[in-house]
1. Given the criteria outside any loop (DSSP other than H, G, I, E, B), within 28 Å of Lys107 (Cα to Cα) and without any contact (Cβ under 8 Å) to a residue 60 or more places away in the chain, does Glu184 qualify?
2. Take Ser89 and tell me if it is in contact with a helix residue (DSSP H, G or I) (Cβ under 6 Å, 6 or more places away or on another chain), buried (at least 16 other Cβ atoms within 10 Å of the Cβ) and among the small types (Gly, Ala, Ser).
3. I want to confirm something. Restricting to segment 93-116 and keeping residues that are within 8 Å of the ligand (Cβ to nearest atom) and not in a strand (DSSP E or B), which single residue is surrounded by the most Cβ atoms within 10 Å (Cβ to Cβ)?
4. For segment 21-35, name all the residues that are more than 10 Å from the ligand (Cβ to nearest atom), free of Cβ contacts under 8 Å to residues at least 40 places away in the same chain and not aliphatic (A, V, I, L, M).
5. Among what's in segment 58-78 and is away from the ligand (no atom under 11 Å from the Cβ) and surrounded by fewer than 16 Cβ atoms within 10 Å (Cβ to Cβ), pick the residue that is nearest to His3 (Cα to Cα).
6. Just checking, does segment 118-125 include any residue being within 9 Å of the ligand (Cβ to nearest atom) and loosely packed, with under 15 Cβ neighbours inside 10 Å?
7. Out of segment 19-46, which residues are over 15 Å from Ala140 (Cα atoms) and exposed (fewer than 12 other Cβ atoms within 10 Å of the Cβ)?
8. For Leu134, only one of the following conditions fails: (1) within 15 Å of the chain's Cα centre (by Cα); (2) more than 28 Å from Ala24 (Cβ to Cβ); (3) hydrophobic (A, V, I, L, M, F, W, C). What is its number?
Amino acid sequence: MSHDRIASTFDEWVQSGQAEGLQAGHSDVVAQVIPQMGIRAGMQTLDLGCGTGWATRILAAAAPGAGAIGIDASAEMIAKAESLHDLTSRARYERGTFEAIDYKDGKFDRVFSMEALYYAVDLDQSISEIHRVLKPTGVAHVIVNRFSESRHSEGWANTVGLDMAYLSVDEWQARFAGVGFAVETERVLDSRGPGDEASFEPDAHCPDFQTRVELHEAGSLWIRATKPE
Ligand SMILES: C[S@@+](CC[C@H](N)C(=O)[O-])C[C@H]1O[C@@H](n2cnc3c(N)ncnc32)[C@H](O)[C@@H]1O
């Protein structure tokens, strides 16, 4: 899988309007995680796979004088993020890849990523890059909805048409521990619940209501990876 293929797929998500649903789908879990990231005044956060930048802006507003930079392989996602930008926000957005993060060692206090890291072309290289750009004692907060304990997420690679890592919770933990992180994991459930059957509408990710219920019950996997002193 190439970065060009990833970029063109997500460029298309912007052109077709599909990208506009990302915030609604992910916002509840993100709203549970960001307040627990320990972002304090002046801290800098990197948002990997920022998409339209909505979470980047929340991260930048998490504490006085804090800032956030979102990076994404898709030029259309970055353009969309810039079009939605509020000039009072201390967020900015750059085109870039997880595998070669264009920032110096130890620049960031926090790394955040929502529903993006399993698309990595080279997952181990991406996790090494996260480790490199974090300060000692800095923490990466990575959330993924595709992991093998959430069995209905397996088919998403076919639906989206991209290669995607499909790892168990233990395997995710081992990948981060492998580059020297201290790792904890937790499941986060969307507090809105699975919705009601009468208003359920099938889509490519979720063909029927029972699948929706089981995806909801499996939740999101929140990986907290701390770089040692
Ligand atoms: C499903 S979207 C999630 C966007 C955003 N985090 C959100 O929750 O709305 C995944 C994003 O990751 C980006 N992405 C995937 N693989 C990437 C890589 N290897 N390097 C940089 N960006 C990548 C895609 O371009 C896409 O915008």
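The values are calculated or read from the model by the stated rules, or taken from the named source; none is laboratory data. The model shown is predicted, which means the values in this text are computed figures rather than measured ones. Neighbour counts are summed over all protein chains in view; Cβ atoms, including those assigned to glycine, are modelled from backbone coordinates with ideal geometry.
1. Numbers: outside any loop (DSSP other than H, G, I, E, B): yes; within 28 Å of Lys107 (Cα to Cα): yes; without any contact (Cβ under 8 Å) to a residue 60 or more places away in the chain: yes.
Yes; evaluated as a whole, the condition is true for this residue.
2. yes
3. Filtering segment 93-116 for residues that are within 8 Å of the ligand (Cβ to nearest atom) and not in a strand (DSSP E or B), the one surrounded by the most Cβ atoms within 10 Å (Cβ to Cβ) comes out as Phe98.
4. Let us first name the residues in segment 21-35 that are more than 10 Å from the ligand (Cβ to nearest atom), namely 28, 31-35.
With free of Cβ contacts under 8 Å to residues at least 40 places away in the same chain added as a condition, the list becomes 31, 35.
Of everything in segment 21-35, just one residue is more than 10 Å from the ligand (Cβ to nearest atom), free of Cβ contacts under 8 Å to residues at least 40 places away in the same chain and not aliphatic (A, V, I, L, M), namely Pro35.
5. The selected residue is Gly65.
6. yes
7. Those that are over 15 Å from Ala140 (Cα atoms) and exposed (fewer than 12 other Cβ atoms within 10 Å of the Cβ): Gly21, Ala24, Ala41, Gly42.
8. Here Leu134 meets the rest and fails (1).
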